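The next block holds one structure in the form of C-alpha cells; read it before the comments.
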Amino acid sequence: MSVTGGAESLPTDGVLRDRYGGGRTAYLPTPTVQCHAANLAWLPNGDLACVWFGGTQEGVSDITAYLSRMPSGSDTWLAPVALSDDPTRSEQNPVLFTAPDGYVWLLYTAQLAGNQDTSEVRRRVSHDGGDTWEAPAVLLPATEAGGVFVRQPPVVLASGRILLPVFNCVTVPGEKWVGNEDTSSVWWSDDGGDSWSEAPVPGSLGCVHMNVIVRHDGSLWACFRSRWADHIWQTTSTDDGLTWAEPTSTDLPNNNSSIQAVSTRGGEVALVFNRSSARDATERRVSLYDEIDDEGVRDGLEGPVVAEPSPEAAEAAGRKTAFWGAPRAPMTLGLSPDEGRSWPVQVDLESGDGYCMSNNSRDGLNRELSYPSVLPGRDGDLHVAYTYHRRAIKHLHLPPDVVARLRHSPSR
C-alpha cells in the first residue's frame, strides 16, 4: 500500500523500517485522503495502539476516528478500524484511555462543519481491550457559550481521581469561530467517570491542548499550545487539580499547533513539539485553515473562503487574535530532567518547511509535521507518532540507546 500526492509516494503498509539516525519508522495504513491528530496508547494486552482522524478534509462530515494497533512483539501496524460514524458531524481529536476499572475509553470530538464552537465530547467504552465498543454517548455537551474539545489523554491520580483536560471553543456573537476567545478547563471525576465537575484554568485565554503531568512530589504541572503562536505556556496545581495557577509562558516556542508531554520511566519529562512560532512565519493564512462553509466544504474543494478578522481590527477592539499559518516543523523532542522546569535537550527528529497554508491533501499541498504524540516504552524507549503532510500518520520508535544518544546531544 502507498499514498501518492505531488512527487511523493509513502509506503503506508505499517511496517517498521530502519531509520537514518537510529531507531525505526513506519507509516501507518491510512485509507483516507487526509489523516491528522494521532494519539498513542498501550492497550491492556500489551498491544501498541494509535488513533487519529481521517477523511476528505478536516471539518467535512466524512471525517472519522480510526484505530490501528501493532500487536505485542510485532513490527507491523494492522489495518485501521473506523470507530465513529456520525454522517452529520466531523469527528476529530480521538484519545484512548484505560480507566481505573480496566475498561478502555475512546474520547473524541464531534462538530458541525468547521465550527469548533459546536463541538461536543463523545465517549465510547470497550470492555474487551478495544476489540468491541459500546455505542457512543455524549460526555461533555456543547452549550450556548460554545463547544468543548479534547486533545490530550486523561490522567489518573493516586487517589483514583480522573482529570480530563479540555479547551473551550467560545462563541462570539456575530462572529464565526476562529479561536480568539478559547480557554482551558479540567473536568474531574472521583467516581470512575460517572459524574464530572469543572475546574476552569484562570487567565487561560489563548491556552489550549492542556497536557497534565503528575510530578514526583504529587503536584501537577501542565503545558499548553498557544493560540498566539508565541510560546508554550504552563501552569501548576497543588490540590489534585481542583484549582490552577494562572498560566505563564515558557522559553519554548509554539506555533499555534499541538504539543504533547509525558513522564518517562526514567523520571524525565519528554515533550514533542514544533520548534517554531509566529516569528518564523513568512506567510499567513487568509482565513482559518482554508475556512469551511456552512455545508462543511473546504476551500480547495468547493467552498468559499471566509475572512478572518484582521489583527489591526482586533487590536483596535482591545483583543488578541489567533495566529494561523506559522510553520508546522521541525518535529522536535525535548527532554527535561526536572519535570518541566528546564529543557536542556531539544533535538529535531525531522525537519521540513512545515508549509500549512492549505489543508488540501488531495493535491499534496500541505507539508506539515504536526500534532505529535509521545509514549514511553517498557525499557527506556520512546514511541512518537505525528501527522506527516496531512497524508499519513508517521510512527518513530526510538530504542534506549538512541534516546541516550539524543539525551547527550547538543540541542539543535
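Since every read-out is calculated from the coordinates, none of them should be taken as a lab result. Treat the numbers as computed from the prediction; the structure is a model and nothing was measured. Every residue, glycine among them, receives a Cβ derived from its backbone with ideal geometry; neighbour counts consider all protein chains shown.
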message: I'd like the FRET efficiency for Asp401 and Asp363, computed as 1/(1 + (r/R0)^6) with the beta carbon distance as r and R0 of 45 Å, rounded to 0.05.
response: 0.65
field: Point-to-point label distance, Ala82-Asp217, nm (Cα→Cβ direction, 7 Å offset)
entry: 5.0 nm
- line: Fewest to most Cβ atoms within 10 Å: Ser249, Ser9, Ser185 sort as Ser9, Ser249, Ser185
task: Label the chain by shape, choosing from rounded, prolate and oblate, from the square roots a ≥ b ≥ c of the eigenvalues of the Cα gyration tensor; if a/c is under 1.5 it is rounded, and otherwise prolate applies when a/b is larger than b/c, oblate when it is not.
output: rounded
- request: Would you order Ile213, Ile393 from fewest to most other beta-carbon atoms within 10 Å of each residue's own beta-carbon?
  value: Ile213, Ile393
query: In the Gaussian network model of the chain, springs joining C-alpha atoms below 10 Å, which of Ala199, Ala137, Ala329 carries the largest mean-square fluctuation?
result: Ala137
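Given only helices, namely DSSP H runs of n ≥ 4 each adding -39500 (n - 2.57), what is the per-residue ellipticity at 222 nm of the chain, to the nearest 500 deg cm²/dmol?
On the way: 2 runs with 14 residues, N = 412.
Calculated at 222 nm, the ellipticity per residue is -1000 deg cm²/dmol.
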message: Please list, in order along the stretch 223-230, the HN-Hα scalar couplings obtained from phi with the Karplus expression 6.51 cos²θ - 1.76 cosθ + 1.60 (θ = phi - 60°), rounded to whole Hz, x for Gly and Pro.
response: 10, 9, 6, 10, 4, 7, 6, 10
query: Out of Val402, Val156, Val347, any idea which swings most in a Gaussian network model of the chain, alpha carbons joined below 10 Å?
result: Val402
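Could you line up Met331, Met357 from fewest to most neighbouring Cβ atoms inside 10 Å?
Sorted ascending by nearby Cβ count, the order is Met357, Met331.
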Prolate/oblate/rounded call for the stretch 1-91, Cα gyration tensor, a/c under 1.5 rounded: oblate
